[in-house]
Amino acid sequence: IFAGPIQFLKSAPSLDHLPSPDVPEIAFAGRSNVGKSSLLNALTGRTSLARTSVTPGRTQELNFFDIGQPLKLRLVDMPGYGFAKAPKDMVRKWRYLVNDYLRGRQVLKRTLVLIDSRHGIKDVDREVFEMLDKAATSYRIVLTKTDKIKATELDAVYAAVGDEVRKRPAAHPDVISTSSEKGMGIAELRAAVIESI
Ligand code: GTP
Ligand code: MG
């Protein structure tokens, strides 16, 4: 389905701007700058569908992308969390938007929670895991930027992250390693997305 038409649908700055809930959705969540927008582009094979940036905090709204004609799937690029320099009221706004969307969206089939392979799981990520577990919202961990670390380091972080998520009730037990830059793990991620809808 990623070979067919793909288009940006809309940006939702708040929950009353969400598209009508009639198509399965897959959301991309994770800390600021972890590579959510880049992974969405890699997954769809488009270079600049979702806007990326070296500056954290690039994505500030929920961005919806329609996949397939007839429409089969909606990908949701989310604002990042854990961005230290963000103004306080902005952080609060993001938290409400992201949490409410993740908790209450009926058509949300799975959330991909991205973890930077160089940094591993941080406490802010654990807060998100906690929230998703409580809401019983299915999620799966995706390691990003694996081109930036050595194979031995990747093996270690992959094992550690796997051990941790397998203790989490709503998390998929298997972790996917990716590099949007090098295309690594993208085919596996596509298969995982298709399987989850
Ligand atoms: P926010 O929207 O600010 O939360 O960030 P984001 O998670 O959407 O990250 P984004 O995709 O904008 O990427 C952040 C930076 O990381 C950009 O400079 C990307 O080029 C870079 N980046 C993303 N994925 C990879 C990757 O797989 N490898 C490398 N080397 N760099 C990457
Ligand atoms: Mg982004």
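Name the residue that is surrounded by the most Cβ atoms within 10 Å (Cβ to Cβ), counting only residues in region 136-165 that are free of Cβ contacts under 8 Å to residues at least 40 places away in the same chain and polar (S, T, N, Q). Going through the qualifying residues, I end up with 146. Residue 51 falls short on exactly one of the conditions (1) surrounded by fewer than 21 Cβ atoms within 10 Å (Cβ to Cβ); (2) more than 11 Å from ligand 1 (Cβ to nearest atom); (3) basic (Lys, Arg); (4) under 30 Å from residue 3 (Cβ atoms), and that condition is (2).
Residues in region 61-77: is at least one under 16 Å from the mean Cα position of the chain (by Cα) and more than 25 Å from residue 194 (Cα to Cα)? Scanning region 61-77 turns up no residue that is under 16 Å from the mean Cα position of the chain (by Cα) and more than 25 Å from residue 194 (Cα to Cα).
Results for (1) in contact with a Gly (Cβ under 9 Å, 6 or more places away or on another chain); (2) more than 18 Å from residue 190 (Cα to Cα), shown as yes or no for each residue.
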| site | (1), (2) |
| --- | --- |
| 59 | yes, yes |
| 68 | yes, no |
| 89 | no, yes |
| 109 | no, no |
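If you go through region 120-128 one residue at a time, do you hit one that is surrounded by 16 or more Cβ atoms within 10 Å (Cβ to Cβ), touching a helix residue (DSSP H, G or I) at 6+ places or on another chain (Cβ under 9 Å) and of a type in the set (D, E, K, R)? Among the residues of region 120-128, not one is surrounded by 16 or more Cβ atoms within 10 Å (Cβ to Cβ), touching a helix residue (DSSP H, G or I) at 6+ places or on another chain (Cβ under 9 Å) and of a type in the set (D, E, K, R), which makes the answer no. Of the helices (runs of 4 or more DSSP H) contained entirely in region 88-196, those carrying at least 1 residues that are hydrophobic (A, V, I, L, M, F, W, C) and farther than 25 Å from residue 42 by Cβ fall at 88-104, 123-135. Of the set (1) more than 15 Å from ligand 1 (Cβ to nearest atom); (2) farther than 25 Å from residue 174 by Cβ, all apply to residue 46 but (1).
Among the candidates 28, 64, the residue that is within 16 Å of ligand 1 (Cβ to nearest atom), modelled with pLDDT of 95 or more, over 21 Å from residue 141 (Cβ atoms) and surrounded by 19 or more Cβ atoms within 10 Å (Cβ to Cβ) is uniquely 64.
The values are calculated or read from the model by the stated rules, or taken from the named source; none is laboratory data. Just so it is clear, the structure is predicted and the values come from calculations on it, not from any experiment. Every residue, glycine as well, gets a Cβ built from its backbone with ideal geometry; the counts of neighbours run over all protein chains shown.
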